[in-house]
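The structure under discussion is supplied below as structure tokens; questions concerning it will follow.
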Amino acid sequence: MTKTLYLQVALPVPLRRTFDYLQPHDTSTGQLKPGVRVNVPFGKQTLVGVLLGVSETSDIPENKLKPARQILDARPLLPKSLLDLIRWAADYYQHPVGDALLSVLPTLLRDGETAQTRSETWWRLTTFGKGLPEDALKRSPKQAVLLQRLQQGDMQQQESKSLGVSGAIFRELRTKKLIESYEKEISLEKNNLPNLLLAEKPHPLNEEQQHAVGEILSAKNFAPFLLQGVTGSGKTEIYLQVIENILKQNKQAMVLVPEIGLTPQTIDRFRKRFNKPVVAFHSGLNNRERLDAWLQASRNDAAIVIGTRSAIFTPMPSLGVIIIDEEHDSSFKQQDNFRYHARDVAIVRAQREKIPIVLGSATPSLETLHNAINDRYQLLRLTQRAGNAKAPRVTLIDISQQKLHQGFADDLVDAIRVELQKQNQVLVFLNRRGYAPVLICADCSWTANCQHCNVRLTVHKRDKQLRCHHCGFSSAIPRHCTQCHSPRLDLLGIGTQRSEDTLSELFPDNKVMRIDRDSIQRKDALTDILNIVESGEPAILVGTQMIAKGHHFPNVTLVAILDADGGIFTADFRGAEKLGQLLTQVAGRAGRAEKPGRVLIQSRYCDHPLLQTLTTQNYEVLARQLLAERKTLGLPPYRSQAVLRAETLQPEEGFAFLQNVRQMADALLPKSDAVHIIGPIPSLMEKRASFFRNELIFSTHHRPSLQRVLHELALKVEESAAGKKVRWAIDVDPI
Ligand code: ADP
Ligand code: ZN
Ligand code: ZN
């Protein structure tokens, strides 16, 4: 008798364990390879899981185990290296392994769809059909047309339209056994192109660029690089030339970009350069297209994969380099469910695959800068803008003592006018969408707040709505104060819509265009705006941080930052870092081509050290100051953090739950003072989408100690009665 085998299956359930099943009845042992999907009964449902391993023993008696229903894949969907990487990440980020694994698969695979790219129907002649004389079908002209077409070669079903031949004709010829159909998998457009790799000539590199490319390509093993180059210094050109070399070695390249950096322009730059298939994982793909792209990458058909954070888990059998553009961007961190940081996972992936990884940014995160300073990453600098572009001049406008016109100082309005008269373009940055951030009663100071979150509702005047930017709640703009019924309601503060109106009034002869999440909802809206910008006509662009990234605006000579103060005084210890990055990135939009640029920053606190350092020195000087502060205060990257957060409808419930968790944690702590715990305390945003949020904050100078505590704690909480009732999650390295 053959030995009983037990399948260890990871399932998409919120439990930190795997599940044992018996081998499905009609399968051979050869099919049981880790990484294949399995259909299994789970309670009353059938779930799709991933096979992690096969064992000859199980802790559960055989008669209590059920057989799995079916093995879904002939070959592992996830190669061992990737399977191991995801398991590592689930472990590191304290997330249930099955949920992590399934959540990084394309939706269709998660739902059990076969792992095949779409196929198309093609037609060809049968042997009998081939032997037919040319004029055999004279009496039926349509049939003759089809036959003649097929005599020239196979054709796709779709071509029948342009040929003017209906489905009935195909069926008639098939009945006569003259033609037959077959299914062919769709392939990537560029796979059959001639051998010429480059479709576009690369720029001759300047010395710094050459040095960077040379260093990256000389890496024979894992080698992390920080490519720190001011905006417009030619980082992308370096990526392209590194990739060119990687492709010549018949290897693949992965490029990760921030969420709002994945524009058609970005993708185009890669598609235009290479005669090789590029797949991009962007939000415009439907589930089918996403699966096809994923399979093409995993079969080595795609040479380059471009995507946002989740693309880090794409199988790529001959991956030769990973590039993370704008590595400081916070969209690389997933903020719900499986809370991984794609940049950090990428480092581990590169390490395991023994390949170079390039983190590019004009404003590196303090974590990455810290690693470069400590020689864990090799620092490559680009100090000059590429081509002829010069760095912009930055000036502060003190608005503490002057009356503003709808948020604009007179000096700023004058400066904008001058640039427009010179036929240049102006970019106005304001990190707040909507018309006004506050609706307030002039009589009793009541403000319109979200019922579900503790934030104010933003006035969206065009849609006559109040909206919550955190939970999506919306309501009509009231005519009277809810508290005292006074009709005197004021709009306080300024959003992009209001600035757009103000600028249109001030400059009626120029186009004023707004770029924010609301204005680009229509599919081609952004492209339309960018086309006008590209045409070069004098115009004003007003927008949120969406304009800070990715786009190249050669005619913009003036960048105005309306309000630098928003981020100066925040409770978030990363506030200063983020503000420094944002201001530098926005400023970098000025003077990207032949024309020199300038930047004007309005602030009520022009003497603030952050603004002083940024304007008289640069981001890196600021970053080093901030690092020194973090060291004194014992904050990341000098100590690691993790948060255990509870969300409950009643605030007391979450608090009590966390007090209990804290007791469990204290009992697990080592005698040394390796791990500190703070809390329970309310989260920065205490109420969101009707849930009250409280948290415990863990910090350590010894990461393994923290990892061990969290691991044991998570299992204990998961098993506790309260842990099954309360919504809770662990966030490792939170941002
Ligand atoms: P970054 O990614 O650092 O913002 P880009 O790679 O987009 O910079 O380069 C900015 C501009 O300079 C682009 O228009 C690019 O084509 C051009 N450029 C890059 N490298 C060179 C070079 N060596 N010589 C001339 N122009 C270059
Ligand atoms: Zn009132
Ligand atoms: Zn809300």
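The values are calculated or read from the model by the stated rules, or taken from the named source; none is laboratory data. Bear in mind the structure is a predicted one, so any value in this text is a computation, not a measurement. All Cβ positions, glycine included, derive from the backbone under ideal geometry; neighbour counts span all protein chains shown. Protein only, heavy atoms only, side chains kept; ligands, DNA and RNA dropped before computing areas. Shrake-Rupley method; radii C 1.70, N 1.55, O 1.52, S 1.80 Å.
Rounded to the nearest 20 Debye, what is the dipole magnitude of the chain about its Cα centre when Lys and Arg each give +1 and Asp and Glu each give -1 at the C-beta?
Approximately 1560 debye in magnitude.
Follow-up question, since we're still on this one. Suppose each label sits 7 Å from its Cα in the direction of the beta carbon; what would the Ser119-Arg139 distance come out to in nanometres?
Result for the modelled spin labels: 3.6 nm.
Which residues does a label at Arg17 reach in segment 697-735, if reach means a backbone N under 18 Å from a point 7 Å past the Cα toward the Cβ?
Residues passing the 18 Å test: 711-725.
5 Å is the cut-off here: which amide hydrogens, built 1.01 Å from N in the peptide plane, fall below it relative to Ala199, excluding neighbours closer than 5 in sequence?
Phe274, Asn275
Also: Quick check: residue separation of Leu132 and Glu712 times 0.36 nm, minus the Cα distance between them. What number comes out in nm?
Additional length available on full extension: 201.2 nm.
Extending each Cα 7 Å along its Cβ direction at His452 and Asn287, get the distance between those two points in nm, one decimal.
Output for this residue pair reads 2.4 nm.
Something else about it: Rolling a 1.4 angstrom probe over the protein heavy atoms, how many square angstrom per residue are accessible across the chain?
Solvent-accessible surface per residue comes out at 47 Å².
Would you mind working out the magnitude of the charge dipole of segment 462-590 relative to its Cα centre, with +1 at each Lys and Arg C-beta and -1 at each Asp and Glu C-beta, to the nearest 20 Debye?
With Lys and Arg at +1 and Asp and Glu at -1, about 420 debye.
If you don't mind, another one. Please list, in order along segment 355-365, the HN-Hα scalar couplings obtained from phi with the Karplus expression 6.51 cos²θ - 1.76 cosθ + 1.60 (θ = phi - 60°), rounded to whole Hz, x for Gly and Pro.
Taking θ as phi minus 60°, the curve returns 10, x, 9, 10, 9, x, 5, 7, 9, x, 5 Hz for segment 355-365.
Between exposed GluC sites (Glu not before Pro) in the chain, where DSSP calls loop and at most 12 other Cβ atoms lie within 10 Å, what's the longest gap?
Looking at the chain, 201-593 is the longest stretch - no exposed GluC sites (Glu not before Pro) with at most 12 other Cβ atoms within 10 Å.
How about Lys595: which aspartates and glutamates have a C-alpha closer than 12 Å to its C-alpha, ignoring those fewer than 8 places off in the same chain?
Answer for Lys595, where 12 Å is the Cα cut-off: Glu419, listed by chain and number.
Hey, quick one: spin label on Ser690, modelled 7 Å out along Cα-Cβ, who in segment 648-664 has an amide N within reach, i.e. under 15 Å?
Output list for this probe position: 648-651.
Separate question: Tally Lys/Arg at +1 and Asp/Glu at -1 over every other residue whose Cβ is under 10 Å from the Cβ of Ile520; what's the total?
Around Ile520, the charge tally is 0.
OK, next. If the chain between Arg299 and Arg703 were fully stretched, how many nm would it gain, using 0.36 nm times the residue separation less the Cα-Cα distance?
Going from the current span to full extension adds 141.8 nm.
Oh, and also: Give me, ordered by chain and number, the residues 5 or more places off Ala436 or on other chains with an amide H under 5 Å from its own placed amide H.
Under 5 Å from the amide H of Ala436: Val459, Lys461, Gly495.
Provide the FRET efficiency to the nearest 0.05 for the Arg462-Thr632 pair, computing r from the beta carbons and using R0 = 60 Å. Intermediate values should be presented prior to the final figure.
Values: r = 47 Å, r/R0 = 0.79.
With a Förster radius of 60 Å, E is 0.80.
Straight-line reach from Lys220: which lysines fall under 18 Å, measuring Cα to Cα and dropping same-chain residues less than 8 apart?
Lys248, Lys251, Lys354
Another question, then. Find out how many positive minus negative residues lie around Leu369, taking Lys and Arg as positive, Asp and Glu as negative, among other residues whose Cβ is under 9 Å from that of Leu369.
Neighbour charge sum, excluding Leu369 itself: -1.
Let me ask another. In 10 Å bins starting at 0, how do the alpha-carbon pair distances of segment 438-527 split up by percent?
Per 10 Å bin, starting at zero, the Cα-Cα P(r) for segment 438-527 comes out as 16, 40, 30, 13, 1 percent.
While we're on this one: For the chain, which cysteines have no second Cys with its Cβ under 4.7 Å from theirs?
By the Cβ distance rule, which asks for a partner under 4.7 Å, the isolated cysteines are Cys471, Cys606.
Moving to a separate point now. Hey, any idea what % of the chain's accessible area is carbon plus sulfur with a 1.4 Å probe?
After summing per-atom areas, the C and S share lands at 49 percent.
Take the Cβ-Cβ distance between Gln617 and Lys176 as r, set R0 to 60 Å, and report the resulting FRET efficiency rounded to the nearest 0.05.
For Gln617 and Lys176, the calculated efficiency is 0.15.
Also, I was wondering about something else. Contour minus end-to-end for Lys403 and Gln650, with contour as 0.36 nm per residue of separation and end-to-end as the Cα-Cα distance?
Result for the pair: 84.4 nm of gain on full extension.
Going by a ≥ b ≥ c, the root eigenvalues of the Cα gyration tensor, does the chain fall in the rounded group (a/c under 1.5), the prolate group (a/b larger than b/c) or the oblate group? Don't jump to the answer; show the numbers that get you there.
Working: a/c = 1.66, a/b = 1.21, b/c = 1.36.
Because a/c hits 1.5 or more and a/b fails to exceed b/c, the chain counts as oblate.
Between Asp26 and His470, what is the label-point separation in nm under the 7 Å Cα-to-beta-carbon projection?
With each label placed 7 Å out from Cα toward Cβ, I get 5.5 nm.
Apply the Karplus curve 6.51 cos²θ - 1.76 cosθ + 1.60, θ = phi - 60°, to the phi angles in segment 487-493 and return the couplings in whole Hz, x for Gly and Pro.
x, 8, 9, 9, 9, 10, x
Moving on. If amide H atoms are built 1.01 Å from N in the plane of the peptide, which residues on other chains or at least 5 residues away come under 5 Å of the amide H of Glu120?
Amide H to amide H, under 5 Å and 5 or more residues apart or across chains, Glu120 pairs with Lys184, Glu185, Ile186.
With the Cα gyration tensor of segment 655-720 giving a ≥ b ≥ c as the square roots of its eigenvalues, does the rule (a/c under 1.5 for rounded; else a/b larger than b/c for prolate; else oblate) give rounded, prolate or oblate? Kindly include the intermediate steps, with their values, before the conclusion.
Working: a/c = 2.26, a/b = 1.64, b/c = 1.38.
Prolate, since a/c reaches 1.5 and a/b exceeds b/c.
Please give every one of the aspartates and glutamates within straight-line cross-link reach of Lys66, meaning a C-alpha to C-alpha distance under 20 Å, and leave out same-chain neighbours fewer than 8 residues apart.
Reachable aspartates and glutamates: Asp20, Asp26, Glu56.
Now, a different point. With the contact rule set at Cα under 8 Å and sequence spacing of 6 or more, what percent relative contact order holds for segment 165-262?
22 percent
Still on this model: In sequence order, what are the phi-derived ³J(HN,Hα) couplings for segment 66-79 according to the Karplus relation 6.51 cos²θ - 1.76 cosθ + 1.60 with θ = phi - 60°, rounded to whole Hz, with x for glycine and proline?
Karplus-based 3J(HN,Hα) across segment 66-79 equals 9, x, 5, 7, 6, 8, 8, 10, 6, 10, x, 5, 10, x Hz.
What net charge do the residues around Pro637 carry, taking every other residue with its C-beta under 10 Å from that of Pro637, with Lys and Arg at +1 and Asp and Glu at -1?
+1
Just to verify a number: FRET efficiency for Asn250 and Arg376, C-beta to C-beta distance, R0 = 30 Å, to 0.05?
The formula returns an efficiency of 0.50 here.
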